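Presented below is the structure to which this report refers.
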Amino acid sequence: MNALTVKNISVTYDKQPALEQVNFSVPQGSLTGIIGPNGAGKSTLIKAVLQLIPKSSGEVSVYENPLKRERNRIGYVPQRSEVDWDFPTNALDVVLMGRYGHIGMFKRIKKKDKQLAADCLAKVGMDSFADRQISQLSGGQQQRVFLARALSQNADIYFMDEPFAGVDAATEKAMIKLLQEWKEEGKTVLVVHHDLQTVRSYFDHCLLLNKTPIAFGPTDRTFTYDNLQKAYGGALSILAQESSFLGRGG
Amino acid sequence: MTYGAWIILTGVLVGVTCGITGALLVLRKMAMIADAISHTVLLGIVLAFLVTQSLNGLPMLIGAGAVGILTAILVQWLDSSGVQSGAAIGVVFTSLFALGVVMLSFIGDGVHLDVEHALMGEIAYVPWDTWTYAGINLGPKAVWMLGGVFILNLTIILLFFKEFKVSTFDPQLAASLGIPILFLHYLLMGMVSFSTVASFDSVGAILVVAMLIVPGATAYLLTDHFGWMIALSAIIGALASIIGYGFAVWLDVSIAGSMAVSCGLLFTLAFFLSPKHGVVSKWWKRKSFRKSMATS
C-alpha cells in the first residue's frame, strides 16, 4: 500500500520553475532519502506536498485520501534554522506543540498530553532538559527536541527537512536509529538529506531530484553513478573522487 | 471618581490593551507594521465618520479594523511582488495616512477630530467626554471603548493561545497541523487596529506605538515564558502609565508624553538590569567565567 502519492506537482517561484512534473508513490513502511544538489527543490517539494506553499499544479494523496483529511497522520520537522530559537519557551513546551493538532482548536492542553510530551523527550535522551530555555540548547539538542516533537505527533508519515544538519555524530546516530525503528513499526519517513556517504546505510528508498525527479525506488537500484551524474552534473566528479559512497571502492 | 483617577484608569487600560497585543507583535518581529497601522487607522476613522456623521465607538472600530487589515494586506502584497519590505511599509503607511489627512478636511470645524488630535491625543480631556445613558453619567467614553477592546483582545488571545504560540514560533509546523496561520495574522492586525483606535483619544497615533512596542520589548528581556511575557507586557504598560501620570503631575508636563517616556525608562532598566538577558548580568557572567577559567 502506498502511504503517499504525489501526482504532477509543479511549483513556480518568481516565474522560474522550482519543481516540474514531480510524480512518485512512497510505499508504507519505507525510509526514503530525498537527494539532490543545492537548489534542486528538495525542501520546496516537501513544502508543496504539505501545502505550505502554493503549487501551480499537482495532487497529493495520503493513504488514498486528500491530505487535508489526514493532517493528524502527518508529522513535519522543518529545518532547524527556520524557527526563532530565542522564542520565550522551554523544550517541553516545544514538544507539546506536536500535540496541538490532536488537541484541536479552543481546547486546553491536558495532563496526558504533557505526560506524553515528557515521555517523548525521554525517548530522545532529553528528559533532564525539559525546563531548559530553548536558546540554551546546543544544535544537536535542539534537533533532538524537534525529533521528540515529531514523536509526540504520533504520525504515520514523517517529512524531515535536513534533520542531520549541524548535529553531532552521536545525535545523528541516535536519530537514524529512531527513524529505523519507526520504519519497522510501519511508519513511512521521508528525509531531505545532504551527505551522499551515508545514503546507502540510512535509506531503503531514494528520490533523486533536480527540479524534476531523476529516479525513484529502492536505493540499490536508484543510487547509481549514472543517476547521480544526471542529478548533480559536473559537481559530482569532485564528490566522487574523494569518496566511496557508491560502494565501488576508491 | 476624581479627575486624576479617570486619567490613571484610562492610561492603565491603554497600557494593558496595547501591552498584550504588542507582546505578540514583538515576538513576530512586526513592530514596524504597528507603526504603519497606528497611522493608517486615521483613514478608517475619517471614513467611518463620513458614513455615520458621528464619532461613535463601533463604526470607528469597524472602519479602523478594515483599514488596518487593508494596510497589512497591501504591505504583504507589495512585499511579495518584489518591493523591499521596509519600502513597502513606508509606501502604504504614508499614502493611506495622507489620504486620511486629506479626507479629514471634508469634515467641518465643529467636529472634535483634527490631525493634531489624531497624532498626539489629549488624555487630559478624556474625563470630560463622558457617556450619558438614560440621564445617568456612565463615565468617560474612552474608558468604555478601551475596556471593551481590552476584553475583546484578551478573549482572542486566550481563545487562540496555543495557536498564536505555535504560529509565532514555527509557522511551518503550524500550517502543517492545519492551523489557519493567515487568519491569525490578520486577526492580530485587527487587534492592533482596535487597540490603536481605542487609544487614539488619549495618546494619539505616535505615542500608541510606544505603548504597543516598548512594554513587549521590555517583557521579552525579563522572561523565558510565552504566557508570562504577555502578562508582564501588560503589567509594564500599566506601570508606565501610572509612573508617567506621576511625573506629569509633578513636573506639569504632557501626560501622554511622560507615559511613553516612562515606557522607555522601564525598558532601559530592563535592558541593563534584567537578571537573565540584561547587559550587567551578561557582563558579570562573562567576568566570573573568565575568573573560573583562570583559576582552573
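What quantity of accessible surface, computed with a 1.4 Å probe and excluding non-protein components, is buried in total between chains A and B, in Å² to the nearest 100? Walk me through the numbers before you get to the answer.
Details: alone 12250 and 14660 Å², together 24390 Å².
In total, chains A and B hide about 2500 Å² from solvent.
Other protein chain C-beta atoms within 10 Å of residue C-beta, averaged over B:159-172: 6.
Loop-located GluC sites (Glu not before Pro) across segment A:9-95 with a Cβ neighbour count of 11 or fewer within 10 Å are A:64, with loop assigned by DSSP. The Cβ shell under 15 Å around residue A:187 holds other residues with a net charge of -2, Lys and Arg each +1, Asp and Glu each -1.
For the residues B:202, B:176, B:38, a GNM of chain B with alpha-carbon springs under 10 Å puts the largest fluctuation on B:176.
Extending 7 Å from the Cα toward the beta-carbon at both residue A:25 and residue B:128 defines two label points whose distance is 7.9 nm.
Here the sum of -39500 (n - 2.57) over DSSP H runs of 4 or more residues, divided by the residues of chain B, equals -27000 deg cm²/dmol at 222 nm, to the nearest 500.
Would you mind telling me the share, in percent, of accessible area of chain B contributed by carbon and sulfur at probe 1.4 angstrom? About 73 percent, which is the carbon plus sulfur part of the accessible surface.
Share of carbon and sulfur in the accessible area of segment A:1-104 stands at 42%, probe radius 1.4 Å.
How shielded is A:146-153 by partner chains, expressed as the average number of their Cβ atoms within 10 Å of its Cβ atoms? Can you show the working numbers first?
On the way: counts 2, 0, 0, 2, 1, 0, 0, 3.
For this peptide, the per-residue mean of nearby foreign Cβ atoms is 1.
Using only alpha carbon pairs under 8 Å that are at least six residues apart, calculate the relative contact order of chain B and give it in whole percent. Relative contact order of chain B: 30 percent. Here the Karplus relation 6.51 cos²θ - 1.76 cosθ + 1.60, evaluated at θ = phi - 60°, turns the backbone of segment B:229-240 into coupling constants of 5, 5, 5, 4, 4, 5, 4, 5, x, 5, 4, 4 Hz, with x for every Gly and Pro. Per residue, the convex hull around the alpha carbon atoms of the protein assembly as shown comes to 194 Å³. Packing-based ranking of A:170-176, B:147-153, A:97-103, B:133-139 yields A:97-103, B:147-153, A:170-176, B:133-139, ordered from highest to lowest mean Cβ neighbour count within 10 Å.
For residue A:18, the residues whose modelled amide H falls within less than 5 Å of its own, excluding neighbours fewer than 5 places apart on the same chain, are A:11, A:12, A:13. Counting Cβ atoms of other protein chains within 10 Å of each residue's Cβ and taking the mean over peptide B:173-185 gives 6. Judged by the mean number of other Cβ atoms found within 10 Å, the most tightly packed of the peptides B:253-265, B:6-18 leads the ranking B:6-18, B:253-265. Round to the nearest 10 and give me the degree value, 0 to 90, for the angle of helix B:141-159's Cα axis relative to the longest principal axis of chain B. Computed tilt is about 40 degrees.
Taking only the C-alpha atoms of segment A:64-200, Rg followed by Dmax gives 14.7, 46 Å.
Please give me the summed charge of the neighbours of residue B:57: other residues whose Cβ is under 11 Å from its Cβ, Lys and Arg +1, Asp and Glu -1. Walk me through the intermediate numbers first.
On the way: positive: B:141; negative: B:201.
So the surrounding residues net to 0.
Contact-buried residues of segment B:1-41, at a threshold of 20 Å² lost accessible area versus the chain by itself: B:27, B:29 (1.4 Å probe; DNA, RNA and ligands ignored). Estimated from the Cβ-Cβ distance and a Förster radius of 56 angstrom, the FRET efficiency linking residue A:110 and residue B:286 is about 0.85. Charge tally for residue B:279 (other residues, Cβ to Cβ under 12 Å; Lys, Arg +1; Asp, Glu -1): +4. The modelled label-to-label distance between residue B:3 and residue B:159, using points 7 Å beyond Cα along the C-beta direction, is 4.1 nm.
Peptides B:19-29, A:126-136, A:86-96, B:209-219 ranked from most to least packed give B:209-219, B:19-29, A:86-96, A:126-136, packing being the mean of other C-beta atoms within 10 angstrom over each peptide's residues. Accessible surface for segment B:169-217, divided over its residues, is 21 Å² per residue with a 1.4 Å probe.
The values are calculated or read from the model by the stated rules, or taken from the named source; none is laboratory data. Note that the coordinates shown come from a computational prediction; the quantities given were computed from them, not determined experimentally. Here the Cβ is made from the backbone with ideal geometry for all residues, glycine too, and neighbour counts use every protein chain on show. SASA here: full protein model, heavy atoms, side chains in, ligands and nucleic acids out. Shrake-Rupley method; radii C 1.70, N 1.55, O 1.52, S 1.80 Å.
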